[in-house]
1. Can you list the residues, at least 5 places off or on another chain, whose amide H is less than 5 Å from the amide H of residue A:186, using H built in the peptide plane?
2. If you take every residue apart from residue B:290 with its C-beta less than 15 Å away from the C-beta of residue B:290, what net charge results, scoring Lys and Arg +1 and Asp and Glu -1?
3. Step through the residues of the stretch A:318-326 one at a time and calculate ³J(HN,Hα) from phi using the Karplus curve (6.51 cos²θ - 1.76 cosθ + 1.60, θ = phi - 60°), rounding each to whole Hz and writing x for Gly and Pro.
4. Taking a point 7 Å out from Cα toward Cβ as the label site, list the nm distances between residue B:337 and the same residue in every other copy, smallest first.
5. Grab the beta carbon distance between residue B:4 and residue A:306, set R0 = 60 Å, and tell me the FRET efficiency rounded to 0.05.
6. Per-residue mean of other chain beta-carbon atoms within 10 angstrom of the beta-carbon, peptide B:128-134?
7. Let me know the mean shielding of B:320-333 by other chains, meaning the per-residue number of their Cβ atoms within 10 Å of its Cβ.
8. Please compute the average number of Cβ atoms from other chains found within 10 Å of each residue's Cβ in peptide B:65-77.
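Only the coordinates and a few stated rules stand behind these numbers; no lab work does. Fair warning: this is a prediction, and the values are worked out from it, not measured in the lab. Cβ placement follows ideal geometry from the backbone for every residue including glycine, while neighbour counts extend to all protein chains displayed.
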There are 2 protein chains.
Amino acid sequence: VSKSLKGFQDFTVKAWEMGRSDPKKVIFAIKMGLALSIVSLLIFWKGFKEDISQYSIWAILTVIVMFEYSIGATFIKGFNRVLGTICAGILAFSCAELSILAAGQGEEVLIVSTIFIAGFLSSYLRLYPTMAPYDYGFRVFILTYCILMVAGNRTREYTTAVVTRLVLIALGAGVCFVVNVFIYPIWAGDALHSLVVKNFTDLAVSLEGCVNGYLKCVEYERVPSKILTFQAYDDPLYNGYRSVLESTKREDTLFGFAIWEPPHGRFRMFNYPWKNYVKVSGALRHCAFMAMALHGCILSEIQAPAERRQVFRSELQRVGEEGANVLQELGSKLERMEKLSPGDILKEVHEAAEQLQKKIDQKSYLLVNSESWEIARHPQVFQDLENLKENENTMLGFKSASEAVLDLRSLTLSTPSKDSQHNLFAKEASRPSCFSFNADAGIEESECRSYESASALSLATFASLLIEFAARLQNVVESFEELSEKANFAEPIMNSAVV
Amino acid sequence: VSKSLKGFQDFTVKAWEMGRSDPKKVIFAIKMGLALSIVSLLIFWKGFKEDISQYSIWAILTVIVMFEYSIGATFIKGFNRVLGTICAGILAFSCAELSILAAGQGEEVLIVSTIFIAGFLSSYLRLYPTMAPYDYGFRVFILTYCILMVAGNRTREYTTAVVTRLVLIALGAGVCFVVNVFIYPIWAGDALHSLVVKNFTDLAVSLEGCVNGYLKCVEYERVPSKILTFQAYDDPLYNGYRSVLESTKREDTLFGFAIWEPPHGRFRMFNYPWKNYVKVSGALRHCAFMAMALHGCILSEIQAPAERRQVFRSELQRVGEEGANVLQELGSKLERMEKLSPGDILKEVHEAAEQLQKKIDQKSYLLVNSESWEIARHPQVFQDLENLKENENTMLGFKSASEAVLDLRSLTLSTPSKDSQHNLFAKEASRPSCFSFNADAGIEESECRSYESASALSLATFASLLIEFAARLQNVVESFEELSEKANFAEPIMNSAVV
């Protein structure tokens, strides 16, 4: 008992927290209660006439069903309700006239068979893909039709039945609209706006996290199986891009609601381009896939040695930072609904990507295992390999003379000793391995080298994914510009452009 | 008019096609019509008593609301309906007793305020995340409570009202259950099973498509903006992995329904491990992310030259094929509900990946621009570079003597002439470029080289993503094994293991 009491207590605390963190939910609940009270008051006040009270279910049902969280959703439901009811009413009228013509038992047979046909058709069409937004309308249609035919048949007062119901539905719908629109309205458009803004921030966090994590050589002792199956997991880096990827459905839903909403708040425009919000978010998602691939490099079994990562440190970091800056900038522009400042927002990140590219170009020998360009055991070849190595060293000598000290350090670090090679392999083997080629074959020299090369290549992969990320930003910027044009965003204030 | 007639005709044809391709939808619609007819017949047959007919809405409403596509969904709705109704009934009884104690106007005030409180609480708790499956229960609760209080208050026959309603709801629910379960049942578990099987096939198609497309140097004239924003687009390669990624929500929904379903068909087991289906699919999704990244290499602006891709042709293709084979094999095992055959299903793909790795190892000079290891304009260095090149050629000569003819061919192809270099760049510039570093800077020699190196690196990226794909298959196989254990899949028939 005390356990369930504890559970109840926890639940209450959490429910309270939910209200504190998102007061809109509390407001929604209060509005719902209010709408119901008003409707029941109206029914009481209209008098205790048999007729009304018997049908009161219609008004209450309408409120309960139509009262949705956002105004757009309420509008859609209302539209469906009205359309469904009217169609059902008209059809019921016609069929009722027909059934009255048929005498005795034939009448009921006729009614039941029309119910079957109406039920069949409406449930079938409901499944038609483009009919999804009208799903509720079909339900209302068949409900109203059945009730009218079954209940109306008894009294034969089809007209009264239909009119009373329509009045009560209108009453319920009216109360819904008034309460929902005029008391602290909750707009789906606002929610969509904030969701897209949040996506920008999330992705920026994720990108920086990936790059920094990679440079810090963050490793997962054992990759959490929740990440392996793409479920929610408490890791800011992972959650950042995951929430961007997961928001598709929510965006679509909110978009479906938002287009029904009248101009409001900061969105004072008919035909507000909500579609473009979805588009911006889609372009952002295309970037998020790259963030995911970057994270994949961190999760991977095959890891580049830390020393080599350090060589590219500043370049990688700069691309990451600039990329995150662009995202943050776009996010805050979107939040403030400002157009882009003149000048190329991508200039910095492109420069950074270019520098990374050049660095890769110069240091590409670090990304592959040049030792294994030869089959080392082949005796004639061995000589050549030595030559090659010498040449390499001279070459590097020249370069380090003309470049920074960092290069010298990287040179010494990057020439892998047999020791480090074995360490690397030992680590691979000791980790709970998801993927080891050598499960059966035992430890062989050639495999060590294979790993060595793979591990260096993974750095190349990380870098080129990062460059691809930067490339995809272009697409985000373009869709943002399209949105800002169509939605008439404000011209940027110049001093904010400086910041 | 003729236009709308045409539209209607199209619609009819499409609706007909929908029925032909998925007869379950027709069956569902027929069942729905049947259930409604049965309920209305029962209401007619029970006689035209005022009482029943007035409340007939309850039976019909129950059918319409509870009759869901799959049996699991019907069960959940039914459970919610019963729970909500009973709770509301009990609460309404108690409040009604209280309100009778209060005299005159006080009674109505009391009723309206309890409605407010009930409405507030139920709408608030409905928003609590873990309450999502009971959303419908809360709606039923508040609906029933309001109706009982408002309508019951008039006649003061709370008991009759509640009992009649309960009987009618039970009637509707009973008809629903019988029709839905005993006439051609549609199980959510079946749907989940086929969905996961389909995901395997889709991903296999996508993987092979990616590898083949990459080797054929498929290029998008202009990447469709639908792909850039991850919307549906008619491209089998893209749709393959997209459907795997998009099926998350559907899987979760079906899982939510399937756990409510009793053992049935091929799933004769209590507590069938549906959870593991979701897990397998999650692991598969983790692979699909890699397929997406592979596709990203095809979509990218920066492309590896075709000749270099050909060098790795057989290895890349083998990994792709073996990977797809594993997926197809797992998919058909899952479909037939068989355990894995003894022996390592991943052996082939791991070998293939290892070979690819070795090949990369040997040919890694093709993946980077070895020319740019030096600042080519530096005169002292130039000499060394020439030496290096000579060495390289000798080296390759040795190798080609000891290896296959393919290598000789690849050697000539792989030494990039100035021509091909410029062609590559020209192509880059002529494409509607999303991302060009040289937008402002003009064409410079160094940038040509930068592209050259980037383009070669993109091949390395593709290869290492493919290897990562192979690595992630391990995870899929493990989760499949867990599922096959828990779900007691059949032992494989030995001759199928040979195939």
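1. A:71
2. -3
3. 5, 4, x, 5, 5, x, 4, 4, 4
4. Listed shortest first, these distances are 5.6 nm.
5. According to the calculation, E is roughly 0.30.
6. Details: counts 6, 2, 2, 2, 0, 0, 0.
So the per-residue partner count for this stretch is 2.
7. Mean partner shielding for this stretch: 0.
8. 1
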